[in-house]
Amino acid sequence: MKLQNLLLGCAAACALGTVSNAAPQHPIFGPNDPFRHIVIIYEENHSFDNLYGLWDNVNGDQVDGLKYAKPAKTVQVQQDNTTPYQCLLQDDVNLTSPPLPSTCTDSANGMTFNSDFVNAPFEIDNYIAPTDTTCPLPSQFAPNGVPEGQGQPGGCTRDLVHRYYQEQYQLNGGKQNRYVTGSDAVGLSMGYYNTKQLPIYAYLHTAGAPHYVIADRFFQGAFGGSFLNHQFLVAAAAPVFSGAPNDAGAQDLHSVVDQNGMPTSYPLYSSPLGGQAKDAQLTASCNPPAGRPATPAGVTCGDYAVNTIQPWFLPYAPGTADYKRLPPITNPNIGDRLSEAGVKWAWYSGGWSNAAGEVGAPGWTNGGSKKKGCTDPNHNPASSWPYCPDYLFQYHHQALNYFANYAPGTKARKEHLRDEAEFIQRANKGELPTVSFVKPIGEENEHPGYTGENGGDSHLVDLLNAISNGPEGKDTLVIVTYDEFGGQWDHVSPPGMHDPHGVHDKWGPGTRIPAILISPAFKYSRVDHSSHDTTSIIATLEHRFDLAPVGGRDRRVLDLTSAINLGLYNGR
């Protein structure tokens with residue numbers, strides 16, 4: 001049966017997000033399926049409005065960007081959940097007043113502050129240019145950013161908090177109006193980039209570029225940060241910390257949240273619990289021990305790992321104590337499902353060979369002598385041969401390294417956990433596996449705080465060129481998306497929050513994030529308005545290769561058929 005006919009089955013239901021929580025019609029890709037290879041490129045930490053809010057329209061089809069943001073979801077409110085700010089407090093060293101003028105004065109949370117920003121979204125490029133020297137050295141910790149002229153080029157901002165309970169507070173039931181109050185970076189959360197100056201925008205609008213479908217209703221799979229959303233990408237589930245202590249002792253990693261669902265205080269938020277609040281790796285305890293406040297009703301609780309936690313297996317951050325590492329997990333994941341079906345696949349991560357001690361493998365840059373030790377100047381000196389991770393190698397981005405099936409020494413690890421350098425080699429040679437996950441290293445993944453947006457986006461374009469210019473480019477589908485919002489505001493409510501469309505549960509989905517499907521096989525560039533989240537990616541793989549679901553969300557969520565149908569057949 002032709003792919004076209006099978007895709008058309010959900011076209012009406014997918015149009016403009018009119019999708020219920022009922023199980024979608026599953027596409028079964030037939031002999032006319034043009035895609036021999038599927039590549040998922042997983043970037044870092046940006047909301048849709050933050051990056052793509054000025055995308056405007058695609059062949060007359062309007063993207064739901066910044067100009068459609070209604071004031072009620074634009075204006076941020078104070079902790080009383082009613083009073084709007086007059087100004088945006090800033091703590092990024094390049095956005096404070098001084099060095100910027102003081103054009104606005106406001107009072108909130110017991111302080112009076114000056115700012116050059118009114119309470120509204122603002123364009124970051126007007127204040128921090130891509131060429132500005134505001135990026136820290138890889139080894140440098142700069143919580144509020146690096147002053148212009150004192151750092152490396154790249155136009156970096158400070159990082160912004162992006163954690164499980166905080167995001168739910170920021171979303172405010174879909175009102176989208178507490179991003180500033182619930183953030184350590186306060187007003188920066190309302191910043192956005194000039195979409196049309198991004199390298200990816202220029203690439204896709206250059207003569208001869210492949211067609212694309214931009215998805216403007218694509219949400220991060222789970223509330224919070226990178227760790228949990230990487231788990232939702234591969235397993236559609238929050239991992240359980242087996243045997244987690246629940247005694248209020250030093251090794252108890254449960255969070256403690258206040259009546260507002262917040263686990264800490266910030267410049268514009270004071271927790272009623274004061275020092276009793278605790279922002280930790282696990283969800284709040286369902287039965288807190290004596291001496292700890294009760295967990296409020298309606299707060300997700302248990303022994304779930306939701307915030308950044310190190311894996312049990314190497315590579316993990318040097319010096320991490322055993323009690324701070326997640327015991328090996330065994331729940332189903334998409335890698336296992338693909339292997340069981342005989343589908344060739346790999347997870348390609350920038351810096352993996354150095355971090356995992358794969359001496360001499362593609363991407364290895366640390367010489368060949370134990371006596372000399374790690375020789376790459378960017379290696380973390382706290383590590384020891386042969387484990388030579390880059391300073392900005394992110395251990396919690398290695399989703400499958402948390403699973404027992406991919407422990408060091410296993411065949412599955414050797415075959416499937418590979419370095420991004422090998423992916424580029426294979427793309428150039430026409431030797432890609434059927435499914436590739438690509439995770440750039442910290443310097444190149446677009447993450448605020450330690451890399452500039454323009455530089456990370458340029459690396460994305462380099463990856464796309466390697467794929468499209470390779471022998472297999474013509475029959476490859478590339479899915480580009482981001483793990484989560486990075487603490488940045490977006491005006492579209494996630495499913496389950498004032499939005500009846502799309503599948504949701506207690507884990508999410510959270511803030512809207514960028515997502516684009518790109519392929520030379522596409523005949524049209526369009527906008528997909530259907531409701532998707534991160535688990536739609538593995539749902540697409542499950543339906544494509546007739547695999548059993550790995551969790552609950554991917555069983556119910558709409559896969560990416562609607563976007564594929566638009567690219568191949570203009571939605572008809």
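The values are calculated or read from the model by the stated rules, or taken from the named source; none is laboratory data. Remember, predicted model here, so these are calculated numbers, not experimental data. In this analysis, Cβ positions are derived from the backbone assuming ideal geometry, glycine residues included, and neighbour counts consider all displayed protein chains. Just the protein is used for accessible areas: all its heavy atoms, side chains included, with ligands, DNA and RNA removed. Shrake-Rupley method; radii C 1.70, N 1.55, O 1.52, S 1.80 Å.
Which FRET efficiency value, to the nearest 0.05, is calculated for A129 and V359 with the Förster distance at 30 angstrom and r the Cβ-Cβ distance? That gives a FRET efficiency of 0.15. Ordering 528-538, 211-221, 385-395, 136-146 by mean Cβ neighbour count within 10 Å, with the highest value first, yields 528-538, 211-221, 385-395, 136-146.
Return the ratio Rg/(2.2 N^0.38 Å) for the range 168-273, where Rg is computed over Cα atoms only.
With N residues counted in the range 168-273, Rg over 2.2 N^0.38 Å equals 1.49.
Normalising the average separation of contacting C-alpha pairs (under 8 angstrom, six or more residues apart) by the number of residues puts the relative contact order of the range 256-401 at 16 percent. When the inverse distances between all different Cα atoms of the range 81-165 are averaged and flipped, the Kirkwood radius reads 14.1 angstrom. Rounded to 0.05, the FRET efficiency of the K324 and E431 pair, given R0 = 41 Å and the Cβ-Cβ distance, is 0.55. Close amide H pairs (under 5 Å, H built 1.01 Å from N) link A515 with A215, residues at least 5 positions away or on another chain. Summing charges over all other residues whose Cβ lies under 12 Å from the Cβ of A185, with Lys and Arg as +1 and Asp and Glu as -1, gives -3. Within the accessible area of the chain, the carbon and sulfur atoms contribute 51%, probe 1.4 Å, all protein chains present. Take the Cα of E148, go 7 Å toward its beta carbon, and the backbone nitrogen atoms of the range 89-110 under 15 Å from that spot belong to 92-102. Calculated on C-alpha atoms, the gyration radius of the range 287-410 divided by its Kirkwood radius gives an Rg/Rh of 1.07.
Entry for the range 153-220 at q = 0.11, 0.24 Å⁻¹: log10 I(q)/I(0) = -0.43, -1.08, Debye formula applied to identical alpha-carbon scatterers, no solvent contribution. Per residue, the chain reaches -5000 deg cm²/dmol at 222 nm when only DSSP H runs of four or more residues are counted, each adding -39500 (n - 2.57).
Provide the net charge surrounding P386, with neighbours chosen by a C-beta distance below 13 Å and charges set as Lys +1, Arg +1, Asp -1, Glu -1.
Details: positive: K370, K371, K372; negative: E358, D376.
In short, +1.
Largest first, the three principal axis extents of the alpha carbons in the chain are 65, 62, 51 Å in whole numbers.
In the context of the full set of protein chains, the range 260-384 has a per residue accessible area of 43 Å² (1.4 Å probe). Within the shell defined by Cβ-Cβ distances under 9 Å, the residues around G225 carry a net charge of -2, with Lys and Arg each +1 and Asp and Glu each -1. Peptide packing for 398-406, 61-69, 75-83 was compared via the average number of neighbouring C-beta atoms within 10 Å per residue; ordered from the highest value, the list is 398-406, 61-69, 75-83. Protein heavy-atom accessible surface, 1.4 Å probe, per residue over the range 457-542: 22 Å². Applying 1/(1 + (r/R0)^6) with r as the Cβ-Cβ distance of Q62 and T83 and R0 = 25 angstrom yields a FRET efficiency of 0.15.
Could you pull out the pairs from K344/K414; K67/K196; K344/K429; K324/K414 whose alpha carbons sit more than 23 Å apart here?
Among K344/K414; K67/K196; K344/K429; K324/K414, the Cα-Cα distance tops 23 Å for K324/K414.
With an a/c value of 1.5 or above and a/b not larger than b/c for the gyration tensor axes a ≥ b ≥ c computed over the alpha-carbon atoms, the range 411-475 is described as oblate. Please compute the Cα-Cα pair-distance distribution of the range 474-572 with 5 Å bins starting at 0, giving whole percents from short to long. The calculated distribution, bin by bin, is 2, 12, 21, 23, 21, 13, 6, 1, 0. Could you grab the relative contact order for the chain? Cα pairs under 8 Å, six or more apart, rounded to a whole percent. Taking the mean separation of contacting Cα pairs over the length of the chain, I get 25 percent. The packing ranking of peptides 242-252, 149-159, highest mean first, is 149-159, 242-252, where packing means the average number of other beta carbon atoms within 10 angstrom of each residue.
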